[in-house]
Structures are given as structure tokens and as C-alpha cells.
Amino acid sequence: MIRNFLSVYRQKSAHQLAQLYSKLMPTPCLLCGANNPHSCLCNACIQNLATFDHVCPRCASPLNQTALCGQCLHSPPEQDTSFSLFRYQPPVDRLIANMKYHDGLMLIRFFAQQMANRLKDRLLPQLLIPIPLHPHRLRQRGYNQAWELTKDLSSQLNIPARNDILMRIRNTAPQTSLPYSQRKQNIKRAFNVSKITIPQHIALIDDVLTTGHTANVAAKALRQAGAHQIELWTIARTIRHH
Ligand SMILES: [Zn+2]
Ligand SMILES: [Zn+2]
């Protein structure tokens with residue numbers, strides 16, 4: 001118990017130190033080391049990150065043209081639209097993995113800025129909601145990066161954010177630890193929605209969109225609780241595995 005507490009305490013204070021450090025010290029570009037006063041990546045490296053030209057508006061799968069994909073025509077996901085900034089491939093996958101460690105908050109701020117730049121001219125949702133972690137995993141990890149990303153997006157886009165509406169009630173195995181075939185079953189009934197009036201138009205926020213099972217179950221719970229238009233915003237999207 002004490003050891004547990006100490007490890008959480010250590011993670012938290014390391015997290016706060018990193019936060020302070022990133023405010024005080026401009027760092028070189030995380031990818032190429034170039035001197036870089038404004039962001040954690042230099043402009044040249046930002047330009048090289050793989051984005052999407054055309055995607056399915058519903059699930060954000062890359063396509064040759066902007067149109068609903070075959071999968072969404074056949075069995076659409078619960079969310080109405082999906083936005084994903086980058087392809088989940090090197091070096092974005094490595095940057096997202098680093099969000100959990102030392103460069104965390106700096107990278108989260110960077111990704112939130114990039115997302116906000118792309119999203120700011122749309123009709124924006126009334127509320128941002130992060131995909132939650134179960135309290136047990138939150139204690140292990142120290143913070144939920146989806147919530148940190150949501151808070152940054154909230155301040156940059158001037159949209160309220162709440163992390164007390166969608167709750168994880170089952171401590172499911174991490175989706176990434178399971179084969180694709182088991183992920184759908186694993187995440188069933190994992191969420192609960194608090195009895196608060198939910199605005200009609202909301203966005204769910206997560207770091208990576210993979211199979212979409214987690215977001216689908218979360219969006220379903222929020223729709224049952226009264227949301228009408230549900231967007232899903234993620235930093236990166238994997239390319240679909242068939
Ligand atoms: Zn660079
Ligand atoms: Zn689609």
C-alpha cells in the first residue's frame with residue numbers, strides 16, 4: 001500500500017516537474033534536435049508528419065476521395081463523424097508513446113495545438129469529453145493523457161470540457177494487449193454516464209483510433225444519455241486491418 005502510494009506520488013511529482021521544466025526551458029526538436037524556441041518539433045519535422053488527404057468523414061479511414069467508406073455504408077460506427085490528425089506510423093507512433101513518459105505534457109500541448117488549428121473553423125461541439133481510464137489504471141499511470149489532451153483542446157478552442165460525465169465502470173484489459181478479434185467483447189458495457197443533462201453536440205477525445213470499439217461503446221452510452229451529434233477526435237488513426 002505504502003509502496004503503491006510512493007510510486008503514485010513519484011509519478012505525480014515527476015509529472016509536475018516536467019510541466020514546470022517545459023515552461024521554463026525551450027527544448028530542441030524532439031525528432032531532429034534542431035534549435036527550436038516555439039514548439040517541441042521544428043517546422044520541417046512537423047511538415048514531414050503523415051496526414052490524410054481524403055478520408056471517410058464517419059470513421060476517418062483514408063480513401064482516394066472524400067466519401068463514406070464501404071464499412072460505414074454497411075455498418076456505420078456510433079459516432080457521426082471522426083477526425084484524426086495523423087497517420088499512426090513512425091514517428092507519430094513513437095511521439096504518442098512518449099506522451100506517457102518524460103516529454104508528455106509538452107507533446108500533448110503540441111498535438112492539441114495542431115488539432116485545434118485544423119478544427120477551429122468548423123462548427124464546434126458544445127462539450128468535449130475524454131475517453132476515461134478506469135480509476136485503478138489512472139492510479140497506476142498517474143494521469144489520463146486523453147483528459148490532458150481534452151483540457152488543452154478545451155482552452156485552445158474555447159469549448160467546455162468535463163471528465164465526470166463518462167466513467168469507466170469495468171477495468172477492462174488494455175485494448176492494445178489483445179488480438180483484434182477479442183477487443184470488441186473486452187470493451188462491452190465498460191462505461192457509465194452520469195445523470196447530467198448532456199448537450200446535443202459533443203466530441204469524444206482519445207489519443208489513437210484503432211479498431212474504434214472503445215469509442216463506439218462510449219458514443220453509444222452518450223447517445224443513450226441524450227447526445228445527438230457525436231464527433232470523435234483523435235491525434236492519430238491506424239490504417240484499418242481486415
Ligand atoms: Zn526537427
Ligand atoms: Zn468509414
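The values are calculated or read from the model by the stated rules, or taken from the named source; none is laboratory data. Please read these numbers as outputs of a predicted model, since none were measured by experiment. For neighbour counting, all protein chains shown are included, and Cβ atoms are generated from backbone atoms with ideal geometry for every residue, glycine included. For accessibility, only protein heavy atoms count, side chains too; no ligands or nucleic acids. Shrake-Rupley method; radii C 1.70, N 1.55, O 1.52, S 1.80 Å.
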Taking just the C-alpha trace of the chain, give me its Rg and Dmax in Å.
17.9, 56
Identify which of T51, T211, T197 has the largest mean-square fluctuation in a Gaussian network model of the chain, with springs joining Cα atoms closer than 10 Å.
T197
Distance (nanometres) between label positions extended 7 Å along Cα→Cβ at H201 and T27
3.6 nm
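Students often check this: by mean Cβ neighbours within 10 Å, which of 89-99, 121-131 ranks highest, and how do the rest follow? Don't skip to the answer; put the middle values down first.
Details: 89-99: 15.8, 121-131: 17.5.
Ranking, from highest mean packing down: 121-131, 89-99.
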Accessible-area composition of the stretch 51-237, carbon plus sulfur, in percent [1.4 Å probe]:
48 percent
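At R0 = 45 Å, how high is the FRET efficiency between R139 and A67 if r is their beta carbon distance? Nearest 0.05 is fine. Could you put the intermediate results ahead of the total?
Working: r = 44 Å, r/R0 = 0.97.
The calculated FRET efficiency here is 0.55.
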Residue among Q229, H134, C40 farthest towards the positive dipole end of the chain, charges placed on Cβ
H134
Accessible solvent surface per residue of the chain, calculated while the other protein chains remain in place, 1.4 angstrom probe, Å²:
55 Å²
Of all beta bridges DSSP finds with both residues in the chain, what is the antiparallel percent, to the nearest 5?
20 percent
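What's the extension gain from T176 to N158 if we count 0.36 nm per residue and subtract their Cα-Cα distance?
Working: separation 18, 0.36 × 18 = 6.48 nm, distance 3.20 nm.
Contour length minus Cα-Cα distance gives 3.3 nm.
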